[in-house]
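Just so it is clear, none of the values below were taken in a lab; they were calculated from the coordinates. Fair warning: this is a prediction, and the values are worked out from it, not measured in the lab. So basically every Cβ, Gly included, is an ideal-geometry build from the backbone, and we count neighbours across all protein chains shown.
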Amino acid sequence: MKTLRNILIFDNSEQLADAAAERFVSDAQDAITRHGRFSVALAGGNTPKRVYELLASEPYVSRIEWSSVHLFFGDERCVPPDHADSNYRMVNESLISRVSIPPENVHRIAVEGDPAISAHKYEEELRGFFAGSSWPRFDLVLLGMGEDGHTASLFPGTSALNETKAWVVANWVEKFGAFRITLTAPAINHAAHIVFLITGEAKARRLAEILNGPAEPERLPVQLIDPVDGTLEWLVDKAAASLLEPSTK
Ligand code: 6PG
C-alpha cells in the first residue's frame, strides 16, 4: 500500500464519530466553496449511524449548506427501502429525515427489480452527475469494514473485486445467497478523501492482518482501497486497534 496511512486511534466510538462528523463538515465546506457542491458516498452497516445522527444535530447541522450536499450510497442490500436491512432506511432515519436536504440531492440506490439493471441505472446516475469524468470524483467516501475484511459490498472472493471498468456492479455474495449493489474499488479510489470507520474488538484481528500483513486483496478486499489522487484515513477505536503493531500506530 503506497499511500501514507493516516491511522487515528480514538478512546471510544463516540469520539470517533465526532471526528468523522467534523471531517464531513470541513470537506463539505471546502467542496462547496471550491466547486459549488459536495458529493459524499455514505457507508452502510451500523458503525456510521452515530456519525449521521451527529450530523443532523448541533454543533454540526447548521455548519452544512444542505442544499449543496449530494448524498450517494457506497452499497446497498437488495431489500425494499423500508426494510430493516436497508442502508437507505438507516440513513433516512438517522440523517435525511432530520435535515433540510432537497429530495433530489439524495441519490438512493434503487434496488427494486433486476440487480444488474439496478447497478447499471445507478452508474448512469453517477455518470450524469460526474459528467465528462472517466471515474467519479467523490469529495468524500465513508467506508466501514466487516469482520471478514470486506468493505462496501466488496466481499472476499467475489467477482466485483476484479472489476476495472464499471463504476457500480451487482455483486453475488454466496454467504448471503443474494446480490449486493456496490461501488467498485476503482470508483472509490478516485475519490478526493476516503475515510474508514472501524470500531470494536471483533475487528481487531482482521484489521491487523490488513494493515500489518501481506497484500491479499482477494481475501482482504479492504486492501483494494488505495486512492489514486486523494487522502486515505483510518478512524479506529482503541478496541479495533488493539492488535496493531506499534509501528502502525
Ligand atoms: C453494508 C456496508 C458494509 C459495512 C460493514 C461493516 O452495507 O453492510 O456498507 O460494508 O460497512 O459490513 O458493518 P458494521 O458497521 O455494521 O460493522
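Remark: pairs (first residue in region 41-56, closer than 12 Å to residue 199 by Cβ; second residue β-branched (Val, Ile, Thr) and within 12 Å of the ligand (Cβ to nearest atom); Cβ separation under 8 Å; 6+ apart in sequence or on different chains) = 47/198; 47/199.
Of all the numbered requirements in (1) within 12 Å of the ligand (Cβ to nearest atom); (2) in a loop (DSSP other than H, G, I, E, B); (3) out of contact with any Lys or Arg (no Cβ under 7 Å at 6 or more places or on another chain); (4) of a type in the set (D, E, K, R), residue 89 misses one, and that requirement is (2). Residues that are surrounded by fewer than 20 Cβ atoms within 10 Å (Cβ to Cβ), in a loop (DSSP other than H, G, I, E, B) and not small (Gly, Ala, Ser) within region 191-237 comprise 214, 216, 217, 218, 219, 226, 227, 228, 229, listed in sequence order. The condition (being in contact with a strand residue (DSSP E or B) (Cβ under 9 Å, 6 or more places away or on another chain), more than 28 Å from residue 147 (Cα to Cα) and among the aromatic types (Phe, Trp, Tyr)) is satisfied by just one residue among 38, 24, 10: 38. Among the residues of region 21-51, what is the count of those that are surrounded by 22 or more Cβ atoms within 10 Å (Cβ to Cβ) and within 12 Å of the ligand (Cβ to nearest atom)? Count: 7.
Could we say that residue 218 is closer than 21 Å to residue 28 by Cα and either away from the ligand (no atom under 11 Å from the Cβ) or polar (S, T, N, Q) (or both) here? No. Filtering 152, 185 for residues that are surrounded by 15 or more Cβ atoms within 10 Å (Cβ to Cβ) and at positive phi leaves a single hit, 152.
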